[in-house]
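Working notes, beginning with the structure itself.
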Amino acid sequence: MASPAPRHARRAAAAVLAASALALASCSAPGDEATQDASGATLEVGLVLEPTNLDIRHTAGAALEQALIGNVYEGLVARSGADIVPALATEWSVSDDGLEYTFTLAGDVTFHGGQDMTADDVVASLEAVRGDETAIGHDELAGVAEVAAIDEGTVRVALAEPDQGFLFALTGPAGLVLDADDETDMLSDANGTGPFALESWNQGDSIVLARNDAYWGDPAGVAEVVLRYIPEPTALVAAGLDGSLDALTGIDAELAPQLEGSFAVTSGPTTDKFILAFNEEAAPLDDVRVREALRLAIDHDAIVEVVGAGVTQFGPVPELDPGYEDLSDTIAYDPERARDLLAEAGVEDLSLELTIPSAYGTTVSTLLVSAFADIGVELEVSPVEFSTWLQDVYTNHDYELSYVNHVEPRDFSTWTDADYYYAIADDEARAEIADTYAEAMRETDPDASAALIADAARLVAAQHPADWLYTREDVVAVATGVEGFPTSETSTRLPLAGVSVAGS
């Protein structure tokens, strides 16, 4: 079956008799000019998770980064797959000892509010994050000793010690450059330097971005982007099928076949780690034998087969991150061994509660209930709103088992944090992990650093603080006529300036 015309043409075709559909498919929608310039098009994108507010400096969450970074806000550098590429800095150099970074800034950059971007704005932005413990990325800049404007177009950052993760940190909220004199209410508005400016945020529905015609770089390929938030999986697919959307991301793999033929459907790699966390402060999960037994009960290949778009992951580092190593040798599907370990730990008639955000559905939790029943463990599944999960599990650590998707790349440091919700309780083991990871970050050679991260990952896996059920593959659907739409890692980055939509 042929793919459909772009959204505006499909809407027009859907409104007429079938006999007229072919004729109208090549015509414009009502109000459009037949000779419309493609650069004047609107791109409608269906997404799942909506930000709770727009303050990217003080609110964590992939939804904010997905919508705003690279579109509305920019930093000195940006991500392009596994690479770090120029953004507001056209080039940079690093001293031989890894302690000084010198950035050459792009010229003629203005904020959406009309003010010129200067080296002083860069300095003020980085210093604001360094000086504010509540700022997202504050810890990532803890090793910065000094930020200085050398001249109008050059900024130098001095580190107290080498930091292999410094440039990557600058691609996130920690490195965004804001207008130092701006008084924008960042909870509901935005003032960046990106190829799009925030036009409106209709909470509970959509974010609308308008092309920034004063953009310092190549202009965006469409005049407007509408990010539509549709959290219910079937409703998201239905919106694609009724012609409302030009592209969809975060598609449930089980529903993706419905879109084939109407869209080009692809899957790409991500760092989305679906983690079954064990609360080591709650008995009997404080016994490593119990945690290992639960992991041994899980058939990871069966989970991947059921979810339809994923790969197995047996440790804390996904394949796209530095330090990845196949850790399938550290655990295997072995229910008999699991039962033996529970007996060795003196555990009988064990009942556990799994707290899971309700948006994830029941597919995986149903498998876990069956797997644990096979080793004599009763699993009670408690679906909750994501806001409840954040409060009870993430903030208050009030849970036994938790299931959630951690989308952030290069987030290994969470396994070194004694206060994190899935913290490793064994102080000695956690200290060894933290020391190994710190050594990796001080290492100036990327390969040597990655090898040390791999060592730290094995130490984490040996503690069985969680089970890494699978790494999600990104299912994306794109309509005919839409070119340049991102197809991997879209849950954390969705740069849309390079997207174009063919005229009707």
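The values are calculated or read from the model by the stated rules, or taken from the named source; none is laboratory data. Because the structure is a prediction, the values reported are computed rather than measured. As a convention, Cβ positions derive from the backbone with ideal geometry for all residues, glycine included, and neighbour counts pool all protein chains shown. These accessible areas exclude ligands, DNA and RNA; they are computed on the full protein's heavy atoms, side chains included. Shrake-Rupley method; radii C 1.70, N 1.55, O 1.52, S 1.80 Å.
Using the Cα gyration tensor of the chain, with a ≥ b ≥ c the square roots of its eigenvalues, what is the shape: rounded (a/c below 1.5), prolate (a/b larger than b/c) or oblate (neither)?
Because a/c hits 1.5 or more and a/b fails to exceed b/c, the chain counts as oblate.
Provide the gained length on full extension for the span Ser80 to Ala160, in nm with one decimal, where the gain is 0.36 nm per separating residue minus the Cα-Cα distance.
This chain segment gains 26.0 nm when fully extended.
With a probe of 1.4 Å, find how much accessible area region 216-289 has per residue, and write the answer as a whole number in Å².
37
Could you sort the peptides 213-222, 240-249, 484-493 by per-residue average Cβ neighbour count (10 Å cutoff), highest mean leading?
240-249, 484-493, 213-222
Using packing as a proxy for protection, rank 84-90, 141-147 so that the peptide with the highest average count of other Cβ atoms within 10 Å comes first.
So the order, starting with the most tightly packed, is 84-90, 141-147.
Write down the accessible area per residue of region 77-145 in Å², having rolled a 1.4 Å probe over the full set of protein chains.
50
What does the C-alpha gyration tensor say about the overall shape of region 46-177? Classify as rounded when a/c is under 1.5, otherwise prolate if a/b is larger than b/c, or oblate. Intermediate results must be reported in sequence, preceding the final value.
Numbers: a/c = 1.60, a/b = 1.34, b/c = 1.19.
Prolate shape, in that a/c is at least 1.5 and a/b is the bigger ratio.
Rounded to a whole number, what % of the accessible area of the chain do carbon and sulfur atoms account for, probe 1.4 Å?
Details: 10170 of 21520 Å².
Answer for the chain: carbon and sulfur cover 47 percent of the accessible area.
May I ask you to evaluate 6.51 cos²θ - 1.76 cosθ + 1.60, the Karplus curve with θ = phi - 60°, for each residue of region 117-128 and list the ³J(HN,Hα) values in order in whole Hz, giving x for glycine and proline?
Working through the residues one at a time gives 7, 10, 4, 5, 5, 4, 4, 4, 5, 5, 5, 5 Hz.
Given a 1.4 Å probe, how much area per residue of region 333-433 is accessible, in Å²?
I get 50 Å² per residue for region 333-433.
What is region 175-285 by shape, rounded, prolate or oblate, if you read a ≥ b ≥ c off the alpha carbon gyration tensor as root eigenvalues and call it rounded for a/c under 1.5, prolate for a/b larger than b/c, and oblate otherwise?
On the way: a/c = 2.19, a/b = 1.21, b/c = 1.80.
Verdict is oblate for region 175-285.
Please give the net charge around Ala148, taking every other residue with its beta carbon less than 12 angstrom from that of Ala148, where Lys and Arg add +1 and Asp and Glu add -1.
Charge balance in the 12 Å sphere: -4.
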